[in-house]
Structure formats: structure tokens, C-alpha cells
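Here the structure is laid out as C-alpha cells; the discussion comes afterwards.
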Amino acid sequence: MPGLFKWGRTTAFAGFLTLLLGLLTEPALAQAAPTEGFGDGPKLIIALIALAWVVLAGLKTFSASMKTRGVRLFNWNKVNAVLMVVFLVVFMLFVLWHFLKLMKFTLPVSASAHGVELDGMLSVTFWITIAVFVITQLLLFGFALAYRHREGRKALFYADNHQLEFYWTVVPAIVLTVLVLYGTKVWREITQVKPAEDALQFELFAYQFGWQARYPGADGKLGGHDFRLISATNSMGIEESDSAGQDDLLVPEITLPVNRPVLMKLRARDVIHSAYMPHFRVQMNVVPGMPTQFYFTPTVTTKEMREITGNSNFVYELACNKICGAAHFNMRMKVNVVSDAEYAEWLAKQRYYFRRPEPAVEGSPSPAADTASSLTTLPEGRLTAQLPTQR
Ligand SMILES: [Cu+2]
């Protein structure tokens, strides 16, 4: 029975359809990424692939028809091998183009002390993997060209080579061990340090769907907490009987003095959340029933980062990085890094979690009014409403 389909023609038709699809979807692509996106790139690539496909399919049909008349037009093994190399070059250029194009979406320099080391570790890993990637791809496609089928050449039977196997096992094992040990060292340095005595403490409380931040009052200590105390007027479950907590402050956004060690204490009310502050290279899970913490030192003020990024609207951000429910996307809070003087000024304006304590020591900051009455609901929406969009 003759073939059901004429495959050459079917392929050419499919190629034509792809070309058509590419041209038809172009306005949609352009609309999806009007200014910041890829411009005409995707349209061009789709059109080129479709064009190559159509040309090749046509050539193949033509060459097959010539073959029936005894004329050999192409050496398809060679064409295939050369196309492998063409693919390699185009693919590598595509990868490079992506890097250049997307570089602006990567994070600016680290805004914390430990972040510099973390970035260093990531770039070492990155450059090693890039080198391996380039070398293996060159070998893969180069071999396809060099060892393509040729008349009269017979493949060599090559059973094994113990020396070669030894090297390709031991070398990656050593490289990976070094990378893992390096990573473990950096991780230990970041997470297992003992917080400095004078570290500023604050608490972040995560709930579906938002954050609440609590700062200690003049005593520098956060009051105790118990989830059984969570109520309409005590949304974070703070122990009112604990004298350390009576001057605690409830703040609408995180504000940190620059170059001062900070101990961030984390609690969750309902499900697992994750406190993620990418600019500071900070991330820690926030787990119900299991307080966690992260200790770091911000080193770049918001003002300085605005100059570095050239973006006058730049704002540091805390976001939840654990998909924790329907309004997960809404779990954001603004983070400011300011000078010591600005920090003191800001702190003095914050509200007490419970009520104004007995007159404090002379000269200490005297935060503003009593807030117990305003704490009847969690401030959903209020915090996020203040976040200007970035970029
Ligand atoms: Cu969350």
C-alpha cells in the first residue's frame, strides 16, 4: 500500500502553518511586552525557524524526487552534521542574548554584609557551570560534525576505558565536593553566628495574608508571646503581663538603621510563610509553632540604593516567598534603611502595641498615641497599599 501521507508535503505544510502562526501571534507578543520585553525578537526567531523548516522540507522533497531519477543532489549526512553546528552557534547566541536582555531584571549589589559573600559563592558556581555547559555543548555538536557518516569509514568498536571513566567520575566529584563544602561554610557563617549584644531586635509576624512588625520599646527587649492570647485586640498574642512587652511598638513598615546588626525574629499564625528580602539576600521560613530568626547587617541605605540603581522610586521589599494561599501575592511590606538619626526620629513616631507605658526615663524616645483601640482588626491591605510599584 502506498504511503497514506506525502510526508514531504505534510512537513512543508506544517512549516508554513508555523510561519503563519508566528506572524499572527506577533501582535499579541508585542502587546505582552511593549517596552520592557523582547521587542521583535520572538517574532523573528519563530519566523526564521519556520522559514528554515519550509525550505528544508521543500529541498528534501525535491531531492527525493531527483533521487528516483538517479541524481544525488545532497549528502544529507553532511547537511545534518553542518546543521548541528549551525544549531549550536544559534543556540549559544540565543543564550547570550537572553543573558544580556534579562540582566536588568537581576538584583542590584547586596544591601547586607553577608550578601556579598553569598553573591561571591553564587558567581563561582555560575562560572563553573557555564564553563562546563560551553565545553560539553562544543564537544557534543563538534563530535556530531567530525564523526558523521562517510562512505567507506567504519565505526570503531570501543568497549571501555578505565582511565577515562576514572577521570570523569573523580573530577566532577571533587568539583561538587568543593562547591558543597564552600556553600556549607557560607551557610554556617550566615546562620550560625551568635547575634551581637547590641543587635537591634524586631519581630515579624506572618498571617494569611500579611505581615505585622513589632519593635521593642526603650528597653530594647521584645515582650513574650503565646498563641493562646491571640484575640481581636491582641492580634500577635503578646503577653501583656510581661513587663518587657509593655512598651513594644507596632510599626507599619520595617525601618532599619544602616550598618547596625539586626536580629529578625519570625513567627507565623496559620501556615508556613517565608520572609524574603531579596536585596539583603535574606530568606527564612516562618513556621507556626516554631519561631525562627535571621541575623544580618544592612549596609546600604534606601537613598544610596536609589543612586546605585538609578531608580528614584526604589524601595526595599519584604515579600512572602512561600505559596501560602489565595492572597499570597499580597504579602508585602516596605523596608527602609536609614541613618541612625532618621531611625531615632522614625521610632519616636511609632505607636505602642498596648498602651502608653508609665513615663519613661528622661530623654528616651516617647512614641505616639495609644493603639489598643485601633487594633481590632489585622491591618490587611493597609501595609501593601503603601508599597509603590518598583521598576
Ligand atoms: Cu505567606
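How many residues does segment 200-220 contain that are in contact (Cβ under 8 Å) with a residue 24 or more places away in the chain and assigned to a loop (DSSP other than H, G, I, E, B)? Reasoning before the result, please.
Going residue by residue through segment 200-220, those that are in contact (Cβ under 8 Å) with a residue 24 or more places away in the chain are 200-219.
Now drop any that are not assigned to a loop (DSSP other than H, G, I, E, B), which leaves 208-209, 216-219.
Summing the residues that are in contact (Cβ under 8 Å) with a residue 24 or more places away in the chain and assigned to a loop (DSSP other than H, G, I, E, B) in segment 200-220 gives 6.
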Original post:
Can you name the residue in segment 293-325 that is in contact (Cβ under 8 Å) with a residue 60 or more places away in the chain and among the aliphatic types (A, V, I, L, M) and is also nearest to the ligand (Cβ to nearest atom) among such residues?
Top reply: 318
Original post:
Of the residues 253, 304, 239, which is modelled with pLDDT of 90 or more, charged (D, E, K, R) and within 22 Å of residue 219 (Cα to Cα)?
Top reply: 253
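Just give me the residues in segment 256-271 being within 16 Å of the ligand (Cβ to nearest atom) and either closer than 29 Å to residue 302 by Cβ or modelled with pLDDT under 80 (or both), in sequence order. First the steps, then the outcome.
Initial filter on segment 256-271 (within 16 Å of the ligand (Cβ to nearest atom)): 264, 266-271.
Correct list: 264, 266, 267, 268, 269.
Any chance segment 271-279 includes a residue that's free of Cβ contacts under 8 Å to residues at least 40 places away in the same chain and either in the same structural domain as residue 213 (by TED's automatic domain parsing) or under 21 Å from the mean Cα position of the chain (by Cα) (or both)? Lay out the reasoning, then the answer.
Keep residues of segment 271-279 that are free of Cβ contacts under 8 Å to residues at least 40 places away in the same chain, which gives none.
No, the conditions are met nowhere in segment 271-279.
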Original post:
Of these, 104, 154, which one is loosely packed, with under 12 Cβ neighbours inside 10 Å and closer than 30 Å to residue 335 by Cβ?
Top reply: 104
**OP:** Quick one: residue 290 ticks every box in (1) touching a residue at least 12 places away in the same chain (Cβ under 8 Å); (2) within 16 Å of the ligand (Cβ to nearest atom); (3) over 25 Å from residue 348 (Cα atoms) except a single one, so which number is it?
**Re:** (1)
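Pick out, from segment 272-329, the strands (runs of 3 or more DSSP E) lying fully within it that include 1 or more residues that are more than 17 Å from residue 210 (Cα to Cα). Give the derivation first.
On the way: elements: 273-277, 282-286, 292-296, 316-320.
Fully inside segment 272-329 and qualifying: 282-286, 292-296.
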Original post:
Out of curiosity, is residue 197 part of a loop (DSSP other than H, G, I, E, B), away from the ligand (no atom under 16 Å from the Cβ) and closer than 29 Å to residue 341 by Cβ?
Top reply: yes
Original post:
Which condition number does residue 278 fail, the rest of (1) more than 11 Å from the ligand (Cβ to nearest atom); (2) of a type outside the set (Gly, Ala, Ser); (3) buried (at least 19 other Cβ atoms within 10 Å of the Cβ) being met?
Top reply: (3)
Original post:
Among all residue pairs at least 6 apart or on different chains, which show Cβ distances below 8 Å where the first residue, located in segment 70-96, is of a type in the set (Lys, Arg) and the second is at pLDDT below 90 and not in a helix (DSSP H, G or I)?
Top reply: 78/148
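Just to be sure before I move on: is residue 204 out of contact with any helix residue (DSSP H, G or I) (no Cβ under 6 Å at 6 or more places or on another chain) and within 16 Å of the ligand (Cβ to nearest atom) in the structure I sent?
Working: out of contact with any helix residue (DSSP H, G or I) (no Cβ under 6 Å at 6 or more places or on another chain): yes; within 16 Å of the ligand (Cβ to nearest atom): yes.
Spelling it out, residue 204 is indeed out of contact with any helix residue (DSSP H, G or I) (no Cβ under 6 Å at 6 or more places or on another chain) and within 16 Å of the ligand (Cβ to nearest atom).
The values are calculated or read from the model by the stated rules, or taken from the named source; none is laboratory data. For clarity, every value in this text was computed on a predicted model and none was experimentally measured. We place every Cβ from the backbone using ideal geometry, glycine too, and count neighbours over all the protein chains shown.
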